[in-house]
1. Only one residue in Ala325, Ala355, Ala288 is touching a helix residue (DSSP H, G or I) at 6+ places or on another chain (Cβ under 8 Å), within 24 Å of Gly110 (Cα to Cα) and either of a type in the set (Gly, Ala, Ser) or touching a residue at least 40 places away in the same chain (Cβ under 8 Å) (or both), so which one is that?
2. Could you check Gly112 against (1) on the phi > 0 side of the Ramachandran plot; (2) not in a loop (DSSP other than H, G, I, E, B) and say which number it fails?
3. Of a type in the set (Ser, Thr, Tyr) and either closer than 26 Å to Asp186 by Cα or in the same structural domain as Gln346 (by TED's automatic domain parsing) (or both): which single residue out of Thr167, Thr117 fits that description?
4. Could you list all residues from segment 173-193 that are touching a His at 6+ places or on another chain (Cβ under 8 Å) and part of a helix (DSSP H, G or I)?
5. When you scan segment 197-209, do you find a residue that is assigned by TED's automatic domain parsing to the domain that holds Ser405, under 28 Å from Gly33 (Cβ atoms) and part of a loop (DSSP other than H, G, I, E, B), even just one?
6. What's the number of the condition Ser133 fails, among (1) within 23 Å of Pro345 (Cα to Cα); (2) more than 22 Å from the chain's Cα centre (by Cα); (3) not acidic (Asp, Glu)?
7. Part of a loop (DSSP other than H, G, I, E, B) and without any contact (Cβ under 8 Å) to a residue 40 or more places away in the chain: which single residue out of Arg275, Arg256 fits that description?
8. Inside segment 359-383, can you point out the residues that are touching a helix residue (DSSP H, G or I) at 6+ places or on another chain (Cβ under 9 Å) and among the hydrophobic types (A, V, I, L, M, F, W, C)?
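The values are calculated or read from the model by the stated rules, or taken from the named source; none is laboratory data. Predicted, not measured: the structure shown is a model, and the values here were computed from it. Here the Cβ is made from the backbone with ideal geometry for all residues, glycine too, and neighbour counts use every protein chain on show.
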Amino acid sequence: MKRRVVITGMGAVSPNGTGNTAFAEAALQGRSGVRRITRFDPSEISVQIAGEVPDFDELAWIEKKERKHVSRVLPLALAAATEALHHSGVNTNSLPLEEKRRFGVIIGSGGGSQEFTEEQYRLFFHQQYSKMSLFCVPTGVMGTLSSELSVRFGLRGSSHVITTGCTSSTDAFGYAVRQIQSGRLDATLTGGADAPIALGIVKGFILMKIMTGNWNQRPERGSRPFNLDRDGFVLAEGAWMFVLEEYEHARARGARMLAEICGYGSTCEAFHRVRLQECGEEPARAIALAMEEAGVTAQDIDYVNLHGTSTQLNDRIETRALKLALGEHAPRVPMSALKSQIGHPQGACGAAGVAATIIAMQSGTIPPTINLDNPDPECDLDYVPDVGRKKTVEHAICNCIAFGSKNSALVLKNCA
């Protein structure tokens, strides 16, 4: 019999709220966390807004002498992970060695310490060698991020970073679920973290012409999924972490179960490094695979948390994919895009979507898609515009689409 996997803890560090309570309140109220960039001076570039986590005290999580040796992504991840473990009732310090060996860290990140590496190159090319970190190479390696968490919490199971672009944290969930289902692990610290708000990274996205540059004076209006005048995404940072456990393992310790991960699907269109095929067939197939594993039909789906980047291409094709996956039931399923509130936190966005879905399940209210005042006629599903909606959510889909033709989806079941 296949082992079941449940979520027993959650932690959130988001542009619109740090901590589960603040994040849930903001998500349900449709409060934007997009603001003018403060990480660097954006006055000379065309895009000057981002989803920054405000007033975040990095030194509460990293010693001052260590800060120059790590990326901002690490304190963000540590804060979210600490809350998730506390929320789940797990004290890793008191775990026996054998339990630590069966407790893994499997997280997703699109860029990892990319902003740290950018700063190291800046110092190098300005010949400021004494200011460079002696850990510039190991910290810049993607896999070090999970190791930092493993070391901090003393967890000795698999320590892996999944990096598949925007589907990174969704795929981390999928990989973690497989590890627990197979019996290799009993629990994992899983989720996503990214901190890509740096000048070079923003300039790179500007070159691609996929970020909005029209809302510098009204940042909170900039992320506009499914709206007719959408013209690109808003870059964001954040961390959303979770404790995943095998069902009987969680039950034996009396843990509160937030949701069950009962299906995962992933496909590749094999089409282009950044563009999507107009047909939407492979994103739809990823959703169908997740539903098939979960043993649910379109009629069972009560909510879809959308990728919803606010680009012309993604929103149109994702709409098409949901129609293919859910058929005639698609127009009757409420859906929403958290990115309208927080921007696009790259590889962490799948984990953010899982957090929003758990909030919907726990509160009985679907978070809204804000800034949807003039819907695109080609985006004609129920996106729960501007105001949250009361709804009992038993089964939900969390959908993600990434650069490189990747598509991944999860099906969650309410454990309340």
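1. On the way: Ala325 fails: within 24 Å of Gly110 (Cα to Cα); Ala288 fails: within 24 Å of Gly110 (Cα to Cα).
Of the residues listed, the single one that is touching a helix residue (DSSP H, G or I) at 6+ places or on another chain (Cβ under 8 Å), within 24 Å of Gly110 (Cα to Cα) and either of a type in the set (Gly, Ala, Ser) or touching a residue at least 40 places away in the same chain (Cβ under 8 Å) (or both) is Ala355.
2. Failing condition for Gly112: (2).
3. Numbers: Thr117 fails: either closer than 26 Å to Asp186 by Cα or in the same structural domain as Gln346 (by TED's automatic domain parsing) (or both).
The match here is Thr167.
4. The first filter runs over segment 173-193 and keeps only residues touching a His at 6+ places or on another chain (Cβ under 8 Å), leaving 175, 186-187.
Within segment 173-193, just Tyr175 meets the criteria.
5. Filtering segment 197-209 for residues assigned by TED's automatic domain parsing to the domain that holds Ser405 gives none.
Among the residues of segment 197-209, not one is assigned by TED's automatic domain parsing to the domain that holds Ser405, under 28 Å from Gly33 (Cβ atoms) and part of a loop (DSSP other than H, G, I, E, B), which makes the answer no.
6. (1)
7. Values: Arg256 fails: without any contact (Cβ under 8 Å) to a residue 40 or more places away in the chain.
Being part of a loop (DSSP other than H, G, I, E, B) and without any contact (Cβ under 8 Å) to a residue 40 or more places away in the chain holds for just one of Arg275, Arg256, which is Arg275.
8. Hits for segment 359-383 are Ile359, Ala360, Ile366, Ile370, Leu372, Cys379, Leu381.
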